[in-house]
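Written out below as structure tokens is the structure these notes cover.
The values are calculated or read from the model by the stated rules, or taken from the named source; none is laboratory data. From a predicted model like this one, the values you see are computed outputs, not experimental measurements. In this analysis, Cβ positions are derived from the backbone assuming ideal geometry, glycine residues included, and neighbour counts consider all displayed protein chains.
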Amino acid sequence: MADALRTGEIVRTTKETDISVRLHLDGGEVRIDSGIGFLDHMLTALGVHAGFGLTVACKGDLEVDGHHTTEDIGIALGQAFAQAIGDKKGIARYGSFYIPMDEALAFCSLDISGRPFLVFDADFPQWRCGEFDCCLTEEFFRAFAMNAGVTLHIKALYGNNSHHIIEAIFKAVAHALKAAVKIEYEGTLSTKGVL
């Protein structure tokens, strides 16, 4: 259960991964150790650009590949986000943002709706960034959206470098989340009265 400080904490252990995530929507330290250097870089960018406090520690079956680690971190982060956002009262709810990264441009639009959905439209010219398979970017955001209860639309408009494209995506999502979690209302931004 989220506390008044809008925090969420998840410990998730399976036969494939052992993960702990702590998220504070209103700021704090960002410390990431996923076992995959490029994923650490992206999650650090997500935390910093969203203005979140975020700690992630994961021991995964990287001898297989990075899939379980990446997807399961997305699951745990999504669950922590759902805890931290609580009943969603007062939040702006929506966020949209463009991020340029050198030759690449990415866009994110999202709704903290309680109705999880992902639309992901991005091509990666290079299939790998370090030890990270670029196709896992979509897997991460699908796992996050489904567990966070967020409608998430992501589009890479163009770019020639997969690192730049993925980094622009993570930063666009971060800034959209930052806008959406901001407390702006007395009640709930919904004609139903609840989200």
Could you check F140 against (1) among the aromatic types (F, W, Y); (2) free of Cβ contacts under 8 Å to residues at least 60 places away in the same chain; (3) surrounded by 24 or more Cβ atoms within 10 Å (Cβ to Cβ) and say which number it fails? (2)
Could you give every pair whose Cβ atoms fall below 8 Å, whose first residue belongs to segment 45-72 and is more than 28 Å from A179 (Cβ to Cβ), and whose second residue is surrounded by 18 or more Cβ atoms within 10 Å (Cβ to Cβ) and among the aromatic types (F, W, Y), counting only separations of at least 6 or pairs across chains? G66/F132
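If you check R22, R115, which single one turns out to be under 21 Å from L5 (Cα atoms) and charged (D, E, K, R)?
Numbers: R115 fails: under 21 Å from L5 (Cα atoms).
Only one candidate passes the filter, namely R22.
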Those strands (runs of 3 or more DSSP E) lying entirely in segment 1-51 with at least 3 residues buried (at least 17 other Cβ atoms within 10 Å of the Cβ), modelled with pLDDT of 95 or more and in contact with a helix residue (DSSP H, G or I) (Cβ under 7 Å, 6 or more places away or on another chain): 7-13, 17-24
Condition first: buried (at least 17 other Cβ atoms within 10 Å of the Cβ) and outside any loop (DSSP other than H, G, I, E, B). Now tell me which residues in segment 121-137 satisfy that. C129, F132, D133, L136, T137
Which one of these does L77 not meet: (1) hydrophobic (A, V, I, L, M, F, W, C); (2) surrounded by 23 or more Cβ atoms within 10 Å (Cβ to Cβ); (3) touching a residue at least 40 places away in the same chain (Cβ under 8 Å); (4) farther than 30 Å from K192 by Cα? (4)
When restricted to C135, C129, the only residue more than 17 Å from Q79 (Cα to Cα) and without any contact (Cβ under 8 Å) to a residue 60 or more places away in the chain is C135
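Among the residues that make up segment 122-133, is at least one of them within 27 Å of K182 (Cα to Cα), in contact with a Phe, Trp or Tyr (Cβ under 9 Å, 6 or more places away or on another chain) and not aromatic (F, W, Y)? Break it down into steps so the answer makes sense when it comes.
The first filter runs over segment 122-133 and keeps only residues within 27 Å of K182 (Cα to Cα), leaving none.
For segment 122-133, residues within 27 Å of K182 (Cα to Cα), in contact with a Phe, Trp or Tyr (Cβ under 9 Å, 6 or more places away or on another chain) and not aromatic (F, W, Y): absent.
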